[in-house]
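Reviewing the structure listed below.
The values are calculated or read from the model by the stated rules, or taken from the named source; none is laboratory data. Treat the numbers as computed from the prediction; the structure is a model and nothing was measured. So basically every Cβ, Gly included, is an ideal-geometry build from the backbone, and we count neighbours across all protein chains shown. These area figures cover heavy atoms from the full protein model, side chains too; ligands, DNA and RNA do not enter into them. Shrake-Rupley method; radii C 1.70, N 1.55, O 1.52, S 1.80 Å.
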Amino acid sequence: MYKNKSIMSWALYDWANSVFATVVIAGFFPIVFKSYWADTLSDAENTFWLGIGNAVASLVVVLIAPFLGALGDEYKVRKPLLMGFMLVGVCSTAMLSGGGQSWQFALSLYVVATIGFMVANVFYDALLVPVSQTAQIDKVSGLGYGLGYLGGGLSLFICVYLARQPEVLGYEQSIDVILLSFMLVAIWWLVFSLPLALWCRDEQGVPGVRHESVMKQTIDAFRLVFSQRQTRLFLIAYWIYIDGVDTIIRMAVDYGMAIGFDSSDLIMALLLTQFVGFPAAIIYGYLGERFGVKKSLLAGIGLYGLVTILAYSMQSEQEFYMLAIMIGLVQGGVQAMSRSFYARMIPPEQAAKYFGIYNMLGKSAAIIGPVLMGGVALMTENHRYSILSILILFVAGAFILSKVKEVKV
């Protein structure tokens, strides 16, 4: 199966774009934003504006992804749209390497790059259907997840090594190498996206469809998916708790720096999460089969809630490493179990419509959490309260999920 050129080129895109999620979103941008571009702002203001930037990017995706998704399906131009938004992300990321921008311009570039990343992922997920057969879809999807974890971890390791040894590239300061890393991310993302552009299969469309028909299909898809109570409850729960998951990913480094931890220790902890996450996600799948998907999912959300409580009181870098391992144990599992739980609820013949809404919600998460963290930090000037506020998302999401009936297969 893995010798199939279309499948491999599709899965390789996860290897390509995970470098942005790991190195830029979770890793280097919060560090450079706080210590370089926005060093004149207070820690609370810094966290607030970084949270606003993440929330704006997610909100834009919420507004445009459903229409673009319907447009891509109707015209069968998912691959061109994917490549177009990938180029938006690549170009914006490359511009971050310039260094001399104001913090407002740097944050704007980050927002645009994040939008490109998230919207491209909507079409990437949609391409899973034409490149794989029904019997292969779980294996092909797992291959993409696996390559993403490995690619993200490897790229972060390379960038961290170069930042700690700037003389390797002829620089004296780590900040110069970190800025250069944004260009390296852009090149990695672009180069490893080329196989998808060349060999990934997508169905050819029929031209001449009116735009209003696409809009009508978007509205009809929302009505269909949210008309069933159980599906509606799950999607609401999913959007809330996955917002908490994505907020932890995006704001953890900013929080660690705000309470006085060294940035190098924070990046190493992030690297640890990445490599723990790959085997843990596979093991989590077996736990789901053994103990039930809903129980496993609630356990993962519960562990995230425990992480926020422990993060509130942690005092040392060693504790941060421990929390990184805990997150790595459930991060991929929560994502995989959510998709598996939802797949059991939907009619197979309408999977594209149902998963279109699911992917839109997943890719547009991290709206409430970053604003909540930034707002609490600004009001209280206490970053420990800001991380504790994310507990609300995990409690609310788990509570609503507990009301959803699990479909047995």
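Take each of the peptides 375-388, 115-128, 307-320, average the number of other beta-carbon atoms within 10 Å over its residues, and list them starting from the highest. Could the numbers behind the result be given before it?
Working: 375-388: 19.1, 115-128: 23.8, 307-320: 16.4.
Averaged packing, sorted descending, gives the order 115-128, 375-388, 307-320.
Between PHE291 and PHE67, 0.36 nm times their residue separation minus their Cα-Cα distance comes to what? Provide the component values of the computation, followed by the final result.
Working: separation 224, 0.36 × 224 = 80.64 nm, distance 3.82 nm.
That works out to 76.8 nm of additional length.
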Backbone HN-Hα couplings from phi across segment 53-59 [Karplus 6.51/-1.76/1.60, Hz, Gly and Pro as x]: x, 5, 5, 4, 4, 5, 5
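What ranking do 158-165, 221-228 get when scored by the average of other Cβ atoms within 10 Å per residue, highest first?
Working: 158-165: 17.8, 221-228: 14.4.
Ranking the peptides 158-165, 221-228 by packing returns 158-165, 221-228.
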Read-out volume of the Cα convex hull per residue in Å³, derived from the coordinates shown; its label in [x] 242; [y] 231; [z] 136: [z]
THR40 accessible area, 1.4 Å probe, all protein chains in place, Å² to nearest 10: 120
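How high is the relative contact order of segment 51-184, in percent, with contacts defined as C-alpha pairs under 8 Å that are six or more residues apart? Display every interim value, and only then the final one.
Values: 110 pairs, mean separation 38.0, N = 134.
Result for segment 51-184 is 28 percent.
Any idea what the relative contact order of the chain is, in percent, if you count C-alpha pairs under 8 Å spaced at least 6 apart?
Relative contact order of the chain: 29 percent.
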Mean-position separation - Cα centroids, segment 11-25 and segment 241-272, in angstrom: 17
Accessible area per residue, Å², the chain with all protein chains present, probe 1.4 Å: 42
Distance between modelled label sites at ILE175 and SER264, nm, 7 Å Cα→Cβ extension: 1.7
When the convex hull of its Cα atoms is projected in every direction, mean area for segment 268-361 (nm²): 6.9
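In segment 1-142, carbon and sulfur make up what percent of the accessible area (probe 1.4 Å)?
Numbers: 3280 of 5020 Å².
Heavy-atom surface of segment 1-142 belonging to carbon and sulfur, 1.4 Å probe: 65 percent.
Indicate the gyration tensor shape class of segment 144-276 (rounded, prolate or oblate), computed on the Cα atoms with a ≥ b ≥ c the square roots of the eigenvalues: a/c under 1.5 is rounded; otherwise a/b larger than b/c is prolate and the rest oblate.
Numbers: a/c = 2.94, a/b = 1.61, b/c = 1.82.
Verdict is oblate for segment 144-276.
Restricting to DSSP H runs of at least four residues, report the calculated mean residue ellipticity at 222 nm for the chain, -39500 (n - 2.57) per run over all residues, nearest 500 deg cm²/dmol.
Helix contribution divided over all residues of the chain: -26000 deg cm²/dmol.
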Per-pair calculated FRET efficiency, R0 = 35 Å: VAL191 and LYS216 via Cβ, rounded to 0.05: 0.35
